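To start, the structure under review is shown below, and the notes come after it.
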Amino acid sequence: MIDKPTILYITKFSDNQKIIDALCEKYEIIICNSPSNCLDLLLKSNIYAILVDDQDLNIAFSIVDIRDSLKNKVIPVLVMATFISNEDKVKLLNSNLVDYLDGDADEMLVTTKISLLVSLQTKATNDNFEYLYEHDPITNLYNNHGFFVHSNAFIDNNLEKELALVIIEIGKFDLYYTYNGEELSLNLLKQLACQVQSYFLSSDQGVLSRFNPNKFVAIIPYAEIQVQRAAREIKELVSNYDSNYYLLTKICINKFNGKTSSLETLFNLSTMTLESFNATSNNFIVYYTEDLKKKAMDEQEIINRMQKGIDEHEFQVYLQPKYISDLEKPFGAEALVRWIHPEKGLINPGSFIPLFEANGSIAKIDLYVWEQVCILLRKWIDSGKNPAPISVNMSRLDAYNIDVVNELISLVKKYNVPVKLLHIEVTESAYVEDFQSLISTVKKLKEFGFKIYVDDFGTGYTSLQTLNNVSIDVIKLDQSLLINNDLRGKCIINELVQLAKSLNIKTVMEGVENCEQASFFKEIGCDYIQGYYFARPMPVNEYEILIENFENMEYYHKYNLSN
């Protein structure tokens with residue numbers, strides 16, 4: 001029997017059994033509740049990696065110091081904390097073989113990161129220790145420690161030249177590793193390392209490194225045409241590497257002259273810029289500017305405040321009613337989130353939702369909204385009301401970050417809410433990006449009794465495939481189909497509504513803004529209408545006042561029975 005590699009898990013938490021169970025499938029786990037015992041365990045045991053799960057980052061830094069005191073061992077460290085500032089990220093990455101994860105990362109992501117780190121340690125124990133203290137054993141580029149040492153020297157020798165700090169990040173690499181395994185994933189890194197070295201260091205001028213599993217960082221002399229050409233070639237290599245899995249690349253370029261700032265500051269600003277940049281397949285390069293610095297700092301402030309905002313209920317559920325088209329009367333609503341900041345007032349969702357999607361924390365907001373809606377439904381039931389269903393949004397990233405099915409089932413059980421009252425809206429783009437995974441999730445939700453909506457229907461490339469393969473109850477037609485109210489758009493909407501009717505699928509038209517549009521959708525038989533023409537998203541108390549006049553009407557009871 002082959003011995004499993006041993007992981008030292010340093011944690012004070014008791015609610016991490018899922019992580020422990022997942023790790024135990026591949027590794028022996030030593031759980032340590034006190035950092036003071038760490039040195040003794042490292043000396044006595046053959047540890048392959050250290051997982052530090054603690055909100056106090058000082059604990060993580062002390063563990064790294066203890067690890068570094070063992071001069072004859074190379075042990076990677078993975079740090080988990082709910083919030084890690086950019087300054088602390090730089091400090092962690094400036095250490096050798098240290099990576100980090102958001103503290104709410106699920107067991108799949110933790111196991112993937114640990115697997116990558118263990119593969120590094122395995123190679124490190126078989127190779128030259130001194131070499132590996134500054135080099136990444138997979139790509140043979142500098143690691144983060146070697147990068148800072150040699151980049152500072154390179155800058156000192158090129159004070160009069162215009163230089164650039166370039167960061168290349170492969171999106172969703174952890175998931176790719178999970179689904180496709182070590183061989184394909186590490187081969188991509190090796191190919192990319194060769195290409196990056198060829199493109200950026202063709203004249204042997206500069207310093208190139210691989211930081212964490214999905215990030216390459218370089219300091220090079222800046223030449224705009226060559227740098228942009230290299231960036232495009234790198235992006236093509238990554239996006240075409242696997243025809244079955246699209247990997248998105250985003251690149252930040254920070255130009256500077258001499259020692260205008262410390263290297264740590266340059267890296268920090270570039271990292272903040274990259275994290276706030278929403279890349280697409282055609283727009284994947286961002287240049288650092290002072291304007292972007294302010295934008296990145298403002299966005300970082302929002303990110304930093306998120307957890308406190310959740311804890312202090314600054315995030316509030318707003319409800320946008322849905323109207324029965326032929327009656328023009330309200331029945332049910334969609335739950336949306338609004339942030340009422342104690343100093344800034346109402347923060348536009350467009351200012352924070354993309355940020356939380358980009359850093360993976362949108363799952364926390366969605367979970368919060370789901371729970372608040374369950375609490376609200378329970379309150380209405382306990383007060384003797386017969387509430388109409390409320391739909392909640394499921395982000396395309398939720399399936400990656402949390403166990404959606406178990407979370408939703410747990411909530412309706414916890415608050416004893418009839419499952420028919422909580423409907424789930426999933427954007428069509430989520431099906432496009434990870435079709436098979438979403439089908440599996442939707443199937444399980446349907447089996448339990450949840451009703452499923454496809455939101456923004458008509459915006460993806462697989463609308464008909466979605467209808468054919470996914471058992472859905474409602475499609476919400478996207479408001480972009482309403483542009484200019486032209487005949488072509490109306491014909492498309494009419495055909496979609498008739499198709500849905502033939503499949504026994506209800507339809508909701510979003511973004512209805514005037515009487516003419518409402519009349520058209522009523523005429524073609526659209527089931528529900530939602531939009532500013534009837535009602536904007538509103539606080540819960542305003543929705544309760546609105547709906548109070550309708551709850552005792554015959555139509556309301558009729559629709560409640562059918563839903």
**Request:** Mind counting the residues in segment 378-405 that are within 22 Å of Ile19 (Cβ to Cβ) and part of a helix (DSSP H, G or I)?
**Result:** 6
**Request:** Determine whether segment 285-303 contains at least one residue that is closer than 29 Å to Leu184 by Cα, in contact with a helix residue (DSSP H, G or I) (Cβ under 7 Å, 6 or more places away or on another chain) and either assigned to a helix (DSSP H, G or I) or at pLDDT 80 or above (or both).
**Result:** yes
**Request:** Can you tell me which residue among Leu319, Leu355, Leu336, Leu346 is over 29 Å from Leu266 (Cβ atoms) and within 19 Å of the chain's Cα centre (by Cα)?
**Result:** Leu336
**Item:** Index of the failed condition, Trp370 passing every other in (1) of a type outside the set (S, T, N, Q); (2) at negative phi; (3) part of a loop (DSSP other than H, G, I, E, B); (4) in contact with a strand residue (DSSP E or B) (Cβ under 8 Å, 6 or more places away or on another chain)
**Value:** (3)
**Message:** Here's a check for you: in segment 404-440, which residue that is under 30 Å from Ser243 (Cα atoms), aliphatic (A, V, I, L, M) and over 17 Å from the mean Cα position of the chain (by Cα) is modelled with the highest pLDDT?
**Reply:** Val405
**Item:** Flag for Ile375 being in a strand (DSSP E or B), of a type outside the set (Ser, Thr, Tyr) and surrounded by fewer than 16 Cβ atoms within 10 Å (Cβ to Cβ)
**Value:** no
**Message:** I'm trying to understand the selection: among the residues of segment 23-59, which are among the charged types (D, E, K, R) and either buried (at least 18 other Cβ atoms within 10 Å of the Cβ) or more than 17 Å from Leu117 (Cβ to Cβ) (or both)?
**Reply:** Asp40, Lys44, Asp53, Asp54, Asp56
**Request:** Would you please list the contacts, defined by Cβ atoms under 7 Å and residues six or more apart or on different chains, that run from a residue in segment 475-488 that is within 18 Å of Glu516 (Cβ to Cβ) and part of a strand (DSSP E or B) to a residue that is at pLDDT below 75 and of a type outside the set (A, V, I, L, M)?
**Result:** Leu477/Gly458
**Request:** Of the numbered conditions (1) under 18 Å from Asn144 (Cβ atoms); (2) surrounded by 14 or more Cβ atoms within 10 Å (Cβ to Cβ), Ile253 fails exactly one; give the number of that condition.
**Result:** (1)
**Request:** Could you check, for segment 195-206, whether at least one of its residues is surrounded by 15 or more Cβ atoms within 10 Å (Cβ to Cβ), in contact with a Phe, Trp or Tyr (Cβ under 8 Å, 6 or more places away or on another chain), farther than 26 Å from Asp106 by Cβ and modelled with pLDDT of 80 or more?
**Result:** yes
**Residue satisfying condition, being assigned to a helix (DSSP H, G or I), surrounded by 22 or more Cβ atoms within 10 Å (Cβ to Cβ) and at pLDDT 80 or above, within set Phe267, Phe216** = Phe267
**Request:** Answer yes or no as to whether Ser62 is farther than 24 Å from Lys91 by Cα, surrounded by fewer than 18 Cβ atoms within 10 Å (Cβ to Cβ) and either without any contact (Cβ under 8 Å) to a residue 12 or more places away in the chain or among the small types (Gly, Ala, Ser) (or both).
**Result:** no
**Asked** Just for segment 219-235: of the residues that are part of a helix (DSSP H, G or I) and crowded, with 16+ Cβ neighbours inside 10 Å, which one is nearest to the chain's Cα centre (by Cα)?
**Response** Lys235
**Request:** Could you list all residues from segment 369-394 that are within 30 Å of Leu438 (Cα to Cα) and either of a type outside the set (A, V, I, L, M, F, W, C) or not assigned by TED's automatic domain parsing to the domain that holds His423 (or both)?
**Result:** Glu371, Gln372, Arg378, Pro387, Pro389, Ser391, Asn393
**Message:** Testing Leu408 on (1) crowded, with 21+ Cβ neighbours inside 10 Å; (2) out of contact with any strand residue (DSSP E or B) (no Cβ under 8 Å at 6 or more places or on another chain); (3) assigned to a helix (DSSP H, G or I), one condition comes back false. Which one is that?
**Reply:** (2)
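The values are calculated or read from the model by the stated rules, or taken from the named source; none is laboratory data. Please read all numbers here as calculations on a predicted model, not as lab measurements. All Cβ positions, even for glycine, are placed from backbone atoms using ideal geometry, and neighbour counts span all protein chains on display.
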